[in-house]
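What follows is one structure encoded as structure tokens, with my remarks underneath.
Throughout, read-outs are computed from the coordinates displayed, never taken from laboratory work. Since the structure is predicted, the reported quantities are computational estimates derived from the model, not experimental observations. Here the Cβ positions follow ideal geometry from the backbone for every residue, glycine too, while neighbour counts run over all protein chains shown.
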Amino acid sequence: MKEKMLSVRERIARAAAKSGRPVDEITLVAVSKTVGEAEIRQAALMGISDFGENRTRDLALKQQLFPELKWHMIGRLQTNKVKEILGRCILIHSLDRWNLAEEIERRARIMNMTIDVLLQVNIAGEEQKAGLPPDDMKAFLDSAGQLSSLRIKGLMTIAPELDNQEKTRPIFRELYQMQQKFINQKRVNVELKCLSMGMSQDFEVAIEEGANLVRIGSAIFN
């Protein structure tokens, strides 16, 4: 794992330099959905502090084992699972519909918490993937002021798995352009400073196009 981790960090640094940004602006979220306690501990010892999980049950279990680490919910979140992860993760990357926002808000109020989320946008329009249609994003952000216990910190997307990461560049560029369009517009409970995009197969292009959160699993653990 050490060699893979070093390679990933070097690639992140090169991509950050290519985009004219310092590498410390990029947060590596190690996707630990396929690995166990030993691998997580090893990654943490090598300096990884942020980990991402796709399933609420796995996130809850691993967060109990490693409460000192920063946990991210990166998979699709069902409304009846919200209660399992509130207070256990620092960021939900996958807010993709209004009724989910309402349930997070309801649970957060009960727990007297403020929850940070990213709005997932389906830039590629893939039917099998979650995410808000781009045309619906403005209305969603306009309504965010109703959600006093939520903070929309940014945007997230998942690009199609293609044979060449260059083909994903337009997807990432479009999300960046959407962020820039809305970032300076004043809205209650909306900041849009985070851009979560890029995985093992395409994170370099994502960083070049503005990502500051990359979700990397297989390039580290497999």
>> Between Arg169 and Lys2, what is 0.36 nm times their sequence separation minus the Cα-Cα distance? Round to one decimal in nm.
In response: 57.2 nm
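Taking other Cβ within 10 Å of each residue's Cβ, how do Ile110, Ile207, Ile216 sort, fewest first? Please report the intermediate quantities before stating the final value.
Working: Ile110 11, Ile207 29, Ile216 23.
Exposure proxy ranking, most exposed first: Ile110, Ile216, Ile207.
Based on DSSP H runs of at least 4 residues, each adding -39500 (n - 2.57), what is the mean residue ellipticity at 222 nm of the chain after dividing by all its residues, to the nearest 500 deg cm²/dmol? Write down the numbers at each step before the final one.
Working: 9 runs with 85 residues, N = 222.
Calculated at 222 nm, the ellipticity per residue is -11000 deg cm²/dmol.
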>> Which residue, Gln177, Met156, Ile40, has the largest displacement toward the positive end of the dipole of the chain when charges sit on each Cβ (Lys, Arg +1; Asp, Glu -1)?
In response: Ile40
> Distance in nm between label sites at Gln78 and Gln146, each 7 Å beyond Cα in the beta-carbon direction?
Replying inline: 2.5 nm
> Using a basic spin-label model with each label point 7 Å from the Cα along Cα→Cβ, how many nm lie between Glu68 and Thr34?
Replying inline: 2.8 nm
>> Just want the ordering: His72, His93, from fewest to most Cβ atoms lying within 10 Å of their own Cβ.
In response: His72, His93
> How many nm separate the modelled label positions at Asp58 and Glu10, each set 7 Å beyond the Cα in the direction of the Cβ?
Replying inline: 2.9 nm
>> If you filter segment 5-112 for GluC sites (Glu not before Pro), then keep DSSP loop positions with at most 15 other Cβ within 10 Å, what is left?
In response: Glu68
> Among Thr56, Thr168, which comes first, second and so on when ranked by fewest other beta-carbon atoms within 10 Å?
Replying inline: Thr56, Thr168
> If you place +1 on the Cβ of every Lys and Arg, -1 on the Cβ of every Asp and Glu, and leave all else neutral, what size is the dipole of the chain about its Cα centre, to the nearest 20 Debye?
Replying inline: 500 debye
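Return the Rg/Rh value of segment 135-222, two decimal places, where both radii are evaluated on C-alpha atoms and Rh is the Kirkwood radius.
On the way: Rg = 14.3 Å, Rh = 13.9 Å.
When Rh is taken as the Kirkwood radius, the ratio is 1.03.
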> Cβ under 9 Å from Lys81's Cβ, Lys81 left aside: what net charge do those residues give with Lys, Arg +1 and Asp, Glu -1?
Replying inline: +2
